[in-house]
Amino acid sequence: MATVALDSFVAELDRLQADAVAALAVAADADAVERARVEFLGAKSGRLKAIQKLLGGLAGPDKPAGGRHFNEAKQAVAAALEAAQGRVAGAAATAEALDVTLPGEPVRLGHLHPITQTIRRVQEIMGRLGFESVDGPEVEDQWHNFDALAIGAEHPARDPLDNFYLAVAQGADPLLLRSQTSTVQIRVMERRKPPLRIVSLGRVYRPDTADATHYPMFHQVEGLFVEPGTTMAHLKSVLRLFASSFLGGDVHVRFRPSFFPFTEPSVEVDMEWGGRWIEMGGAGMVDPAVLAAVGYDPDEVSGFAFGLGVERIAARRYGVADIRDFYRNDVRFLEQF
Ligand code: FA5
């Protein structure tokens with residue numbers, strides 16, 4: 001083998017290293033980087049391989065220095081290659097992220113909870129019947145939840161076991177989470193004069209054991225209609241109209257005699273579902289004593305009121321067999337609405 005001078009061997013390596021670093025620095029994409037790799041580091045005919053063959057021509061004492069230079073150049077080219085590969089991969093990913101010509105991907109949109117949808121639908125239907133939507137507080141005093149509704153001091157509906165009373169300072173009036181939306185009837189009548197057509201939807205709380213038709217927190221829709229000459233026929237017509245708008249024209253509504261301290265006469269409102277009757281709410285003519293308690297003249301005006309369970313009418317509308325499903329937060333269930 002021809003002898004090779006160490007100086008020219010090192011100069012050859014320096015040239016290769018400079019060429020490789022320059023070529024890799026300007027390589028614009030993965031193909032260009034690969035071409036540079038083959039040219040400089042290719043295992044068969046790469047330029048580094050060619051220089052490696054010259055190592056054998058160095059004089060014996062020059063061989064260690066030649067080997068060290070060779071390895072340094074090889075490592076420098078390998079590092080430049082790695083940097084170039086990283087650079088073009090990053091650029092490709094960015095280009096991909098910014099490619100506005102790619103087709104869009106579907107985004108899963110959220111939507112309103114079925115109970116919220118039900119509340120809005122009820123408000124819309126009742127609005128078309130002339131009922132204005134109003135709100136009332138969820139924390140109530142005894143007057144609005146019981147007294148003004150003619151629920152006497154000894155009435156079992158006040159039992160602490162049937163209500164969520166709040167801790168209040170000793171001597172202060174007891175407060176509770178309202179157990180019915182009938183509280184809003186009183187709040188509205190205290191403020192306004194007849195004629196009145198209002199509807200109020202909101203949460204109510206009772207320590208009931210949860211089952212397919214009960215939950216400790218649920219919603220009611222309360223309706224109140226007060227004007228001269230109101231009769232039970234108006235009540236029945238409005239509830240039938242509401243039921244057929246909300247549930248479909250073929251729903252059967254049944255009125256069963258019942259008792260509420262604040263309505264006289266009183267009825268339970270049942271709706272037919274799959275061959276069975278389900279209790280949806282209570283209703284009746286506002287008791288004259290209640291009208292008098294808020295300053296109305298019962299000889300001049302009469303009114304009707306009703307309170308329906310929102311979860312139950314929603315279950316009936318959507319064919320849900322168990323109202324607990326509304327509150328399990330299982331997205332597979334909620335997605336269906
Ligand atoms: C009342 O709450 C009366 N305030 C209704 C009323 C209003 C009568 C105006 C007269 C005039 P009741 O306790 O029956 O009535 O409840 C009414 C409806 O709320 C029930 O028919 C049922 O649909 C629903 N409901 C009652 N308890 C629960 C519960 N734990 N979970 C889900 N829904 C319930």
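The values are calculated or read from the model by the stated rules, or taken from the named source; none is laboratory data. Remember, it's a predicted structure, so these values are computed and weren't measured experimentally. Cβ: placed from backbone, ideal geometry, glycine included. Neighbour counts: every protein chain shown. Heads up: the accessible areas ignore ligands, DNA and RNA and are worked out on the full protein's heavy atoms, side chains in. Shrake-Rupley method; radii C 1.70, N 1.55, O 1.52, S 1.80 Å.
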*Among all residue pairs at least 6 apart or on different chains, which show Cβ distances below 9 Å where the first residue, located in the stretch 182-193, is over 19 Å from residue 220 (Cβ atoms) and the second is within 14 Å of the ligand (Cβ to nearest atom) and open to solvent by 10 Å² or more (accessible area, probe 1.4 Å)?*
190/144
*asked:* For the condition modelled with pLDDT of 95 or more, part of a helix (DSSP H, G or I) and surrounded by 17 or more Cβ atoms within 10 Å (Cβ to Cβ), what is the one hit in 197, 187?
replied: 187
*Scan the stretch 312-335 and report the pairs whose first residue is over 16 Å from residue 121 (Cα atoms) and whose second residue is among the hydroxyl-bearing types (Ser, Thr, Tyr) and crowded, with 17+ Cβ neighbours inside 10 Å, with Cβ atoms within less than 9 Å and a gap of 6+ or a chain change.*
322/213; 323/213; 323/215; 324/215; 326/215; 327/215
*On the given criteria, is residue 63 basic (Lys, Arg), assigned to a helix (DSSP H, G or I) and modelled with pLDDT of 90 or more?*
no
*asked:* Against the condition surrounded by 17 or more Cβ atoms within 10 Å (Cβ to Cβ), touching a strand residue (DSSP E or B) at 6+ places or on another chain (Cβ under 7 Å), more than 21 Å from residue 215 (Cβ to Cβ) and not small (Gly, Ala, Ser), how does residue 131 come out, does it pass?
replied: yes
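Pull up the stretch 219-246, narrow it to residues that are open to solvent by 30 Å² or more (accessible area, probe 1.4 Å) and touching a residue at least 40 places away in the same chain (Cβ under 8 Å), then point me to the one that is nearest to residue 326 (Cα to Cα).
Ranking the qualifying residues of the stretch 219-246, first place goes to 245.
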*Only one of (1) modelled with pLDDT under 95; (2) among the hydrophobic types (A, V, I, L, M, F, W, C); (3) touching a Leu at 6+ places or on another chain (Cβ under 9 Å) fails for residue 169. Which number is that?*
(3)
*Unmet requirement for residue 214, which otherwise passes all of (1) touching a helix residue (DSSP H, G or I) at 6+ places or on another chain (Cβ under 7 Å); (2) open to solvent by 40 Å² or more (accessible area, probe 1.4 Å); (3) within 10 Å of the ligand (Cβ to nearest atom)*: (1)
*Considering only the stretch 38-48, state which residues are among the aliphatic types (A, V, I, L, M) and either open to solvent by less than 60 Å² (accessible area, probe 1.4 Å) or in a helix (DSSP H, G or I) (or both).*
38, 41, 48
*Spot the failing condition for residue 264; the list is (1) within 15 Å of the ligand (Cβ to nearest atom); (2) open to solvent by 50 Å² or more (accessible area, probe 1.4 Å); (3) without any contact (Cβ under 8 Å) to a residue 12 or more places away in the chain, and only one is missed.*
(3)
_Filter the stretch 299-314 down to the residues that are away from the ligand (no atom under 15 Å from the Cβ) and either of a type in the set (Val, Ile, Thr) or open to solvent by less than 50 Å² (accessible area, probe 1.4 Å) (or both) and list them by number._
301
*Restricting to the stretch 7-37, what's the tally of residues that are in contact (Cβ under 8 Å) with a residue 12 or more places away in the chain and either open to solvent by 40 Å² or more (accessible area, probe 1.4 Å) or charged (D, E, K, R) (or both)?*
10
*Selection from the stretch 224-241 of residues that are more than 39 Å from the chain's Cα centre (by Cα) and either among the small types (Gly, Ala, Ser) or away from the ligand (no atom under 16 Å from the Cβ) (or both)*: 227, 228, 229, 233
